[in-house]
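Take a look at the structure below.
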Number of protein chains: 2
Amino acid sequence: MIRPVPSRRQAIADDLRHQISTGHFQAGERLPSEAQLAARYKVSTPTLRSALALLEGEGLVEKIHGSGNFVRHPLHRITYVGGAATSPIAPLQATVRTTIVQAHGHLPALLNIPPLSPVTEVLYITHEGKSPHSLARIYVPRDFAPADSSLPEELAARSTPLGPPLAEVQERLSARLPTQEEATTLRISTSLAILSLTRVTTDVTGRVVEAALLVLPGDRADALFTTSLMA
Amino acid sequence: MIRPVPSRRQAIADDLRHQISTGHFQAGERLPSEAQLAARYKVSTPTLRSALALLEGEGLVEKIHGSGNFVRHPLHRITYVGGAATSPIAPLQATVRTTIVQAHGHLPALLNIPPLSPVTEVLYITHEGKSPHSLARIYVPRDFAPADSSLPEELAARSTPLGPPLAEVQERLSARLPTQEEATTLRISTSLAILSLTRVTTDVTGRVVEAALLVLPGDRADALFTTSLMA
DNA sequence: GAGTGGTCTAGACCACGAG
DNA sequence: TCGTGGTCTAGACCACTCA
């Protein structure tokens, strides 16, 4: 109805998608060069590249400048479970980096602290095999984490905090395209939609204990929220 | 570090974005034609179009084939509040269409009913002014809505259902690009990320009372979940 | 250095919208 | 009909990777 005229781009993308799903091109395999594919489909290189861009946006193909276009290994879909104060994505291996930074940008408002206050930043990059999977930045006001040598695992898993008991978790989600930096870190296309999740945990005194900024690529992650309606 | 070579596309997109944000181009206004802009920036039309595509993906510009590129009116950001069994986005005017269809695709599994069972489909398109704002498809098994003339408002607002009391709401969110159909309906670019939300409401007998599929464009909608941790 | 993808050009031709 | 955007061509030239 809407598209009675399938464009060459779409036709080529559909054909390549089919060949990938039927195993004609195996996961991890390099596709023929863009010049070869352009010749095979009898189109110019810009047209062929625009077809590849569609597959890239679906997370099926990874382009590596100078080496080629590769069929991506299908990643297991992970589910972020909302409503808990604990760590985001547990069962995966992760790269962790902890630094102390000054709160800037949205952070002071999120954490309800003065600008440039010291905060502990914990950067998680979860992996599946060698592929990066998701990205998390967790911020804790410095006065909540007094021990300089506190392990990141402590911060993430502290279900029994030292301070007042936790009261509330607020999670705000939106969809957007990744920044150039996020795309590079996660090795995804800048045209692959991501789920952006901001989680703020508050204790009973109303103080913000932790703010977490999660980036979940849409091709491999969901967020799940379950609410009981029992009165 | 990562992009020491700003491309023409980016430079032009940045400049146009700046001119839009400073009011040099007013909301609703038509931009100069692509040929004129290409001449002004001394680039070819494909390059200029790729710059416009970036702004389109950010929801700043709407292309209308045959008439021109228009600066979009900034839409109010709406927040979907999770964890309730009631209607999705209340305070906006909406177009509603109710039909009876046979359950297909994911629906039978979602609703936990046999394939091809009759279900009532309610299609909402919320608007702000003349612009479509978000899309919702709500499915109710036919045996839960026996009255043929039941108004859609009834279905959406039934906080006191006739059957067993409601027990649980499960909401699954993901980010993706819109389908061609969704993009057309919402008049957004196919490169504007959307938040896709699937909500399943269950009653105390374990039966699925309602499934809702929501499409929330990322440039104008958030989803918010608040969880109390009080034991 | 050979081969790959990344960007860009200067057009051609088609499809759509409004008068 | 005319001006608009939509698609596509057939290259050129640059940047990156790897042997």
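Points to keep in mind about this one:
- Per the listing B:SER50, B:SER87, the residue uniquely of a type in the set (Ser, Thr, Tyr), modelled with pLDDT of 95 or more and more than 14 Å from the chain's Cα centre (by Cα) is B:SER50.
- Members of the stretch A:103-120 that are buried (at least 16 other Cβ atoms within 10 Å of the Cβ) and either of a type outside the set (Ser, Thr, Tyr) or under 19 Å from the mean Cα position of the chain (by Cα) (or both): A:ALA103, A:LEU107, A:PRO108, A:LEU110, A:LEU111, A:ILE113, A:VAL119
- The single condition among (1) out of contact with any strand residue (DSSP E or B) (no Cβ under 8 Å at 6 or more places or on another chain); (2) over 22 Å from A:LYS130 (Cα atoms); (3) of a type outside the set (Asp, Glu) that A:GLY23 does not satisfy is (2).
- Failed criterion for A:PRO46 (all others in (1) away from DNA strand C (no atom under 11 Å from the Cβ); (2) within 14 Å of chain B (Cβ to nearest Cβ) hold): (1)
- Helices (runs of 4 or more DSSP H) wholly inside the stretch B:11-126 that include at least 1 residues being in the same structural domain as B:ASP203 (by TED's automatic domain parsing): B:107-111
- Unmet criterion (only one of (1) within 10 Å of DNA strand C (Cβ to nearest atom); (2) of a type in the set (S, T, N, Q); (3) away from chain B (no Cβ under 14 Å)) for A:GLN19: (1)
- Residues satisfying the stated conditions in the stretch B:25-39, i.e. within 26 Å of the chain's Cα centre (by Cα) and within 7 Å of DNA strand D (Cβ to nearest atom): B:LEU31
- Positions within the stretch B:90-104 being under 25 Å from A:THR226 (Cα atoms) and either modelled with pLDDT of 90 or more or touching a strand residue (DSSP E or B) at 6+ places or on another chain (Cβ under 9 Å) (or both), in sequence order: B:PRO91, B:ALA103, B:HIS104
- In the set (1) in contact with a helix residue (DSSP H, G or I) (Cβ under 8 Å, 6 or more places away or on another chain); (2) loosely packed, with under 15 Cβ neighbours inside 10 Å, B:THR22 fails one condition alone, (1).
- Single residue of B:PRO32, B:PRO6 found to be over 30 Å from B:ALA221 (Cβ atoms), exposed (fewer than 14 other Cβ atoms within 10 Å of the Cβ) and more than 10 Å from DNA strand C (Cβ to nearest atom): B:PRO32
- Screening the stretch A:49-75 for residues that are within 12 Å of chain B (Cβ to nearest Cβ) and within 12 Å of DNA strand D (Cβ to nearest atom) and picking the one that is nearest to B:SER50 (Cα to Cα) gives A:SER50.
The values are calculated or read from the model by the stated rules, or taken from the named source; none is laboratory data. Keep in mind it's a predicted model, so treat the numbers as computed, not measured. Virtual Cβ from ideal backbone geometry, glycine too; neighbours counted across all protein chains shown.
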